[in-house]
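J.: Can you read through this structure? Questions will come right after.
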Amino acid sequence: MEEESTSVESNTANERIKLNVGGKYFETTLSTLRSGGPDSLLYALSNRRSADPNPVFIDRDPEIFSVLLSLLRTSHLPSTARRFSKQELADEALFYGIDAHLRAATAPPPFNGIDAALAASIRPASEGLPSSFAAADSGGVWIAHGGQISGYDSSLTHSGTVRTHLDEIDSICRVWPEIAAVGSLSDAGLHFYNFSGSRHVGSVHWTDPLDPRIFKAHVNAITASENSVFASFDCPHRENCILEVDKSNLRIVNQFARQSGNQAKNMVPAKLTWIPATGVLVGSAVTGGAFGFSGYVRLWDPRSGEVVWETNEPGGSGRSSRFGDSFADVEVDVEGLLLFKLCSKSGDLAMADMRFLKDDPWIYLKEKNASLVSCGEVGNSVVHCYRRQVFVSRDGGLEVWSRVEQRENVDTRSENESDAEGFYRRNFVDKREDSERGIIKKIEGGGDRLFVSREDVEGIEVWESSRSAGAISVL
């Protein structure tokens, strides 16, 4: 009886059904229609009585339906999908209730920097020079250009633009799925905007009634934890600090790391990163001039406001063994609990395990491939960590340092420089023509994409890994 029941179900699934879509006839099986899921319109149509001789009529575009039917049959988009825009396909997929299938088919493969290639460029309609941007876990991105923020969803389709009261936005952080925190070097305060409602929802200013020097404080860097937003402020009189803002009511709950002066060790943090695993805030500042680079890296415990570790280069606490080869940029691998710095003179990349920080914790990564060794002095550089990979730009070039399997029983606290060769391997991501497009200003990963902006170049570059098994993106 069980075998007979299974046979009946199989015959039902393979039963044919005819559809009339916009005057064009299609014939498929019930199993194909039902692959759209129980909540889809097509699944509902598959329950129609088979004895009815008249095909079901759907008053929609038959050409796009043909593409979507092929998607249900193979889980891939056919080449004919190129004839339609992303929005056209998305609208029809939403009508039939198979939008999740379309998103899965058009999503980029898991991101791997070694096989990454330039896939697209996003250019906002007005004021196309981006001043900053924030990537989302979904693979979407918010782009600040002028005093506006333009949003693009996971399919890189424009989802809306918010006009702020600022003339220019220099820093942006996604603190909630639809709430952006923004700051400007030309306007005071930290401001919050609701993207879905296109409205301003609040502002925070650093003030001190007992100190008249604290006025017109603008924001340099923003990051967020689960419950708080952290922003570094500085004033015209070179006073600076970090404010912690409660995300639930947008009120200041803490102030710490206050300092003043013009020395490199007293600069306002230009980068902030929250480390959920340890509950510490990492801040860094770097400046360059005729005598080279100088700056600091500090770890704060926001609960006490105290510095738990710091290094200053050149000299000072946590002095590097490579005196004179100060860092040009610093970044945090939040997942791996690692610090990375790019040396300004040698161009070497160094790492430090945040679990075992000491006076000189740096391990300098070595490159065995002789054709890749020569880095040399660094001019404009950016370092960004994403998915346990380290992306480094030197002027306009882009490279990736990928983690390789470590040997068993390796204790990073006792590693020497030669042992560091086993941790990472370096590869170029871009081609020569890519690197000639301009100096890279910012790199940020989101979803299975890497977003890159360049100095005085309109738009944001979107880098994705190539598709496996010979599948080709058709959108």
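J.: Residues of segment 274-299 being open to solvent by less than 20 Å² (accessible area, probe 1.4 Å) and without any contact (Cβ under 8 Å) to a residue 24 or more places away in the chain, which ones?
T.: ALA285
J.: Which residues, counting only those in segment 422-468, are under 18 Å from GLU331 (Cβ atoms), open to solvent by 20 Å² or more (accessible area, probe 1.4 Å) and of a type in the set (A, V, I, L, M, F, W, C)?
T.: Residue satisfying the conditions is ILE439 alone.
J.: Still on this structure, I have one more. Scanning for something touching a residue at least 12 places away in the same chain (Cβ under 8 Å), among the charged types (D, E, K, R) and open to solvent by less than 30 Å² (accessible area, probe 1.4 Å), does segment 245-252 turn up at least one residue?
T.: yes
J.: Considering only residues of segment 112-160 that are under 13 Å from the mean Cα position of the chain (by Cα) and either assigned by the TED database to the domain that holds SER85 or part of a strand (DSSP E or B) (or both), which is surrounded by the most Cβ atoms within 10 Å (Cβ to Cβ)?
T.: This residue is ILE143.
J.: Evaluate segment 192-215: report whether one residue or more is in contact with a helix residue (DSSP H, G or I) (Cβ under 6 Å, 6 or more places away or on another chain), more than 28 Å from PHE293 (Cβ to Cβ) and outside any strand (DSSP E or B).
T.: no
J.: Might you check whether a residue that is closer than 24 Å to ASP99 by Cβ, part of a helix (DSSP H, G or I), at pLDDT 85 or above and aromatic (Phe, Trp, Tyr) occurs anywhere in segment 13-35?
T.: no
J.: Going by the structure shown, is ARG60 assigned to a loop (DSSP other than H, G, I, E, B), among the charged types (D, E, K, R) and within 24 Å of ARG16 (Cα to Cα)?
T.: yes
J.: Right, another one. Go over the candidates LEU68, LEU42 one by one and state the one that is closer than 18 Å to ASP91 by Cβ, assigned to a helix (DSSP H, G or I), at pLDDT below 90 and open to solvent by less than 30 Å² (accessible area, probe 1.4 Å).
T.: LEU42
J.: Looking at the structure I just gave you, is ASN220 surrounded by fewer than 20 Cβ atoms within 10 Å (Cβ to Cβ), at pLDDT 95 or above, closer than 23 Å to LEU272 by Cα and in the same structural domain as SER138 (by the TED database)?
T.: no
J.: Here is a further query. Within segment 166-185, can you find the residues that are touching a strand residue (DSSP E or B) at 6+ places or on another chain (Cβ under 7 Å), open to solvent by 30 Å² or more (accessible area, probe 1.4 Å) and in a loop (DSSP other than H, G, I, E, B)?
T.: ASP170, GLU178, LEU185
J.: Additional query: Kindly check whether there is at least one residue in segment 300-311 that is open to solvent by 10 Å² or more (accessible area, probe 1.4 Å), on the phi > 0 side of the Ramachandran plot and at pLDDT below 90.
T.: no
J.: Kindly indicate which of THR74, THR32 is in the same structural domain as PHE95 (by the TED database) and over 18 Å from LEU94 (Cα atoms).
T.: THR74
The values are calculated or read from the model by the stated rules, or taken from the named source; none is laboratory data. Because the structure is a prediction, the values reported are computed rather than measured. No Cβ is skipped: glycine too gets one built from the backbone with ideal geometry, and neighbour counts run over all protein chains shown. Protein only, heavy atoms only, side chains kept; ligands, DNA and RNA dropped before computing areas. Shrake-Rupley method; radii C 1.70, N 1.55, O 1.52, S 1.80 Å.
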